[in-house]
Structures are given as C-alpha cells and as structure tokens.
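Asks: First the structure, which I've put down as structure tokens, then a few questions once you've had a look.
The values are calculated or read from the model by the stated rules, or taken from the named source; none is laboratory data. What you see is a predicted model; the values in this text were computed from it and never measured. Positions of Cβ are backbone-derived with ideal geometry, glycine not excepted, and every protein chain shown enters the neighbour counts. When the accessible area is computed, the model is the full protein with side chains, heavy atoms only, and any ligands, DNA or RNA have been set aside. Shrake-Rupley method; radii C 1.70, N 1.55, O 1.52, S 1.80 Å.
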Amino acid sequence: MSFRTEHDTMGAVQVPADKYWGAQTERSRNNFKIGPEASMPKEIIDAFAYLKKAAAYTNTDLGVLPAEKRDLIAQVCDEILDGKLATEFPLVIWQTGSGTQSNMNVNEVVANRAHVIQGNILGEGKTFIHPNDDVNKSQSSNDTYPTAMHIAAYKILIDVTIPGIEKLRDTLQAKSEAFKSVVKIGRTHLMDATPLTLGQEFSGYVSQLNHGLKALRNTFDHLSELALGGTAVGTGINTPKGYDVKVAEYIAQFTNLPFITAENKFEALAAHDAIVESHGALKQIAVSLMKIANDIRMLASGPRSGIGEIHIPDNEPGSSIMPGKVNPTQNEAVTMVAAQVMGNDVAISIGGSNGHYELNVFKPVMAANFLQSARLIGDACVSFNDHCAVGIEPNYDGIKKHLENSLMLVTALNPHIGYENAAKIAKTALKENKSLREAAVGLGYLTNEQFDEWVRPEDMIGSLK
Ligand SMILES: O=C(O)C[C@H](O)C(=O)O
C-alpha cells in the first residue's frame, strides 16, 4: 500500500494514498484497534452529511462562509448521502466518547474530496477548504455528534422501525378479526382457565403493538430537538447570531423531518435523555414482541405432544438429525432480537446516566445500540410477519379437544350451584378421570339437561372484544 503525508496540530501522519481521510482519522484508526466489526453506523455518517451541509448553508447566510466554499462542502455532503464515499469512514465506535474523531473524519474527507473536485491532486498543495475552519465552522463535536444521533434515530424510526411494526400489527389485527368466533380455552399461570376466542387473544397482541407505537411516537418531541449551535459546552461560542435556529431549519428542510433547535443546549450536549426515552419505547416493544412470539410458538407447539391450537407456516427443515421436524424459527429469531434490544437498553441506560458536567462521553455507544435496536425491531417484525404471522391458522381439532377437556368450564356453574359445589365437580372429574358432565350429574348437583343449558363455552367469552 502506498502512503501520503498528512499533518495535524501534533505533526505528520502517514495516510493511505488513495483515501480522502486525513491525519486525525488515521490516528484514531491506529490508536483504537478495538472491535473492528463495530464501525461507526452509516446512519450517523449520513446524518453528519446532512448537518455539515446545513451548517455550510447557515454559515453562508449569516456571512461567515463564502458561497463557493458552501457549494463545495454541500457537493461532497451530497456524495456522502449518495453512498459514493462509503469506504472513507473507517472508524469504530470504540473511540473518544464525544465522537470527535468521526466528526474530524467527516471534516477531513469533505476538505480533501473538495480539493480533488476542484481539479487538484489528493495530498498535493493546501486545500481550499479547511477541515476545522470551514467544514467544522460554528460547530464542535460536542454539538454535532448529538445532532447526528437525533437525526439518525428519528430517520430510522420513521423509515424502518415504525413501518415494520405497523405491518405486523395490521396482520395480527386481520387475524384477530378472522378468529373472532373461534372459542378456545384460556390459560392463566399456564393452567386451564375460562374460555375466550382466539380473536380476543390476538387482539391483546394488537393492542400491545399499538401502545408500543404510541410510546415511540411520544418520544419524537424530544428527539426533534437538535444540539447544533451549542458548540463546545452549550453556550454557542464561535457561532454567528441566529445560527442555531437557522441550522435546525436547514436540517429539517434537507431531511424532511420536523427538527427544531434544542430549547436548552446544555442538556442537549451533556445528557442524552431523548435517546434513553426513545430506546425505552423500543425496549417496551421488544418486551411485547417477546410475549407475542412466545405465545404463538407455544400455541403452535407439537405437532403431537404440544398445545397445538394453531398452525404456523413450515418454512425450513428444523433438524439436522430428526427427520421431518419443523421448528418455530421465526419466533426464535424475534425473541433473540428482543433479548438483544433489552441488553442494548442496559448499555444505553448506563451511557445516558454518565454525563459529566458539560458533556456526555458515551455518545457513539449509545448511538450504535439505538440504531441496532431500531433496525432489528423493524426488520424482525417484517420477517415474522411475512414468514409466520400471515400464515397463522387455527387448529380446530386441537382447540376443540382442549376446550372439551377443560375443567374450568365448571366456572359457568358458580351462579347456579355455588363455587364450593362446582369445585367438588372439578376435583372429582380430575381425580376419577371423568368428564365434567359425568362428575356433575354423578354427584347429583344437576341434570344432563341443565349441564347442556349452563355449560356453553360460546356463552363464556364475555362481552369484551
Ligand atoms: O471535538 C470537540 O469539538 C470538543 C471535544 O469533544 C472536547 O470537548 O474536548
């Protein structure tokens, strides 16, 4: 590999000759050889492209950056957003907790790429655009990185997470309606309970996802606040008047999302409660998905020795050794995703609780965990929807068998013969391996006709939808 020499305030650094990044990026590459798989997320780099372009426009509007520089900076930012410079951001999240090195990575790439766009040779001569003085003008890592976090988080929730959850929610809603007359036995404490319909059971899942979506949307207010303009400690040193409001307006225009400047820049740099709050909603959805996917795999368990009250699609051979076995693999994937998201919530909580005075220095790990959770939930919902939920059908034989066998249909007799007599019927039926009817009539508490009249599972499903 050939190298060129780049400089920063600490001196000369050898940088791969064909790369646009500069000395500070290379120092980070060399000094943080930690977990190479944990690259700075693409969503964060794209968010930096939006905010650097917005900063350039604002700086020009406010008279502190020539229009020629603005246009060059904006052109490179657009190239980043088009994915043309994807190999120019080699840093990992395990670096400075402010994300300074990734901020500088973007600044250096923009300056050097602009140099080449102007017809110069990479590494030869002084660049017209300076990474700090121009690309980073009116900014600090301390306000750019949190701004990038909010842009990336908001965008991924809108583009990936919410559509995925809604897709699954809609399918479960359709199933709930389709199954509204399918009476089955309920289970509480994993033990037989009174009946309900399969539709009622599924309506609970729909409601869980609707509440999760609402919780997520409730976090948009805080996520829409941008730190940019706070610069180093939140005071806005080195920014022209009106910069913070205007730069947020440009970001809103470029992203088509309702961003505004943060009301309090000290909070926006030193705390990431918006990320903690929003990930809290993602955790809530993970908790819901864990319950839903577990219920569905247990209802589908069998085919001969399980509960077997629903069928789910047979997607792949399940076993390398047991012929003909098929497993609830989509449920397993979703529940693993839920476990990962709950784990990410711990990392985010620890990160969020560690703002020291004017700066939180857990920014990259918080961003990476958030983006991973948001994508995993969106993707997992689509996968579970397409390869499992859409194909769920009742197993009428299994449902009927359990319903007829259930001892808790006896609950319907409480108003007629009292709880204690009804309990005797249930216990006798269990002990003597009899049906409820046999036990009830045998104990002399009621006649066959009364049993037919009073013990009707279809009348035991209550009035609630
Ligand atoms: O990189 C910056 O702009 C500031 C840095 O994070 C610092 O506060 O030392």
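Asks: Could you do me a favour and compute the accessible area per residue for region 215-269, 1.4 Å probe, result in Å²?
Replies: 47 Å²
Asks: Now, a different point. At a 10 angstrom cut-off on C-beta neighbours, averaged per residue, how do the peptides 34-42, 195-203, 77-85 rank from highest to lowest?
Replies: 195-203, 77-85, 34-42
Asks: What is the dipole size for the chain, taken about its Cα centre, with +1 at each Lys and Arg Cβ and -1 at each Asp and Glu Cβ, in debye to the nearest 20?
Replies: 600 debye
Asks: Hey, another quick one. Run the helix sum for the chain: -39,500 (n - 2.57) per DSSP H stretch of 4+ residues, divided by residue count, reported at 222 nm to the nearest 500 deg cm²/dmol.
Replies: One gets -18000 deg cm²/dmol as the mean residue ellipticity at 222 nm.
Asks: In what order, largest first, do K137, K431, K265 sit by accessible area if the probe radius is 1.4 Å?
Replies: K431, K137, K265
Asks: Still on this structure: Find how much the distance from F220 to D82 grows on full extension, using 0.36 nm per residue of separation minus their present alpha carbon separation; answer in nm with one decimal.
Replies: In short, 47.1 nm is gained.
Asks: Check which residues have an amide H placed less than 5 Å from N238's amide H, if you skip close sequence neighbours.
Replies: The answer is none.
Asks: Determine the principal axes of the Cα atoms in the chain, then give the extent along each, sorted from largest to smallest and rounded to whole angstroms.
Replies: Each principal axis gives a Cα extent; for the chain these are 102, 51, 35 Å.
Asks: Could the peptides 177-183, 49-55 be put in order, highest first, of the mean number of other beta-carbon atoms found within 10 Å of their residues?
Replies: Highest mean packing first, the order is 49-55, 177-183.
Asks: Which of K291/K400; K84/K126; K52/K126; K325/K424; K325/K427 have a Cα-Cα distance over 31 Å?
Replies: Flagged as over cut-off: K325/K424; K325/K427.
Asks: If amide H atoms are built 1.01 Å from N in the plane of the peptide, which residues on other chains or at least 5 residues away come under 5 Å of the amide H of T261?
Replies: Here the answer is L226, since their amide H atoms fall under 5 Å of that of T261.
Asks: Here is a further query. What is the percent carbon and sulfur in the accessible area of region 203-287, measuring with a 1.4 Å probe over the protein chains and ignoring ligands?
Replies: C and S atoms contribute 53 percent here.
Asks: So with the 1.4 Å probe, I'd like the accessible area per residue for region 154-201, rounded to whole Å².
Replies: Heavy-atom accessible area per residue stands at 45 Å².
Asks: Right, next: Give the long-range amide H neighbours of G186: residues separated by 5 or more places, or on another chain, with amide H under 5 Å away, using H modelled in the peptide plane at 1.01 Å from N.
Replies: Amide H neighbours of G186: A193, T194, L196.
Asks: Can you pull the one-decimal nm distance between simple spin-label points at I34 and A423, each 7 Å off the Cα toward Cβ?
Replies: Computed distance between label sites I34 and A423 equals 6.1 nm.
Asks: Related question: Report the one residue of F128, L72, T60 whose Cα lies farthest in the direction of the positive end of the charge dipole of region 3-137 (charges on C-beta: Lys and Arg +1, Asp and Glu -1; origin at the Cα centre).
Replies: Of the options given, the answer is F128.
Asks: Shifting gears a bit: Label-point separation (nm) for S207 and T9, each offset 7 Å from Cα along Cα-to-Cβ?
Replies: 5.9 nm
Asks: Dipole size in debye (nearest 20) for region 1-94 around its Cα centre, Lys and Arg Cβ +1, Asp and Glu Cβ -1?
Replies: About 260 debye.
Asks: Between region 26-77 and region 341-372, what is the C-alpha centre distance in whole Å?
Replies: 22 Å
Asks: Apply the membrane-span-like helix rule to the chain: whole DSSP H runs, Cα extent along the own long axis of at least 20 Å, mean Kyte-Doolittle hydropathy at least -0.5. List the helices found.
Replies: Within the chain the helices that satisfy the rule are 42-61, 67-81, 100-117, 141-156, 198-218, 273-299, 329-352, 363-387.
Asks: In nm, give the distance between the simple-model label positions of Q118 and D379, each being 7 Å from the Cα along the Cα-to-Cβ direction.
Replies: Placing both labels 7 Å beyond Cα along the Cβ direction yields 4.1 nm.
Asks: Would you please name the trypsin sites (Lys or Arg not before Pro) within region 283-379 that are DSSP coil residues with at most 15 other C-beta atoms within 10 Å of their C-beta?
Replies: Of the trypsin sites (Lys or Arg not before Pro), the ones in loops of region 283-379 whose Cβ has at most 15 other Cβ atoms within 10 Å are R304, K325.
Asks: Starting with the highest mean, order 122-129, 360-367, 100-107 by the number of other Cβ atoms within 10 Å, averaged over the residues of each peptide.
Replies: 100-107, 360-367, 122-129
Asks: Further, regarding this structure: So how many Lys-Lys pairs in region 173-288 land under 18 Å Cα to Cα, not counting same-chain pairs under 8 apart?
Replies: Eligible lysine pairs with Cα atoms under 18 Å apart amount to 4.
Asks: Based on the Cα coordinates of region 406-459, what is the per residue volume of their convex hull in Å³?
Replies: About 64 Å³ per residue, rounded to a whole number.
Asks: Additional query: Taking each pair of distinct Cα atoms in region 3-137 once, what is the resulting Kirkwood hydrodynamic radius in Å?
Replies: Mean inverse Cα-Cα distance, inverted, gives 14.9 Å.
Asks: Kindly provide the pair-distance distribution of region 201-270 built from C-alpha pairs, with 10 Å bins from 0 and whole-percent values in order of increasing distance.
Replies: Bins of 10 Å from zero give 20, 36, 21, 13, 7, 2 percent of pairs.
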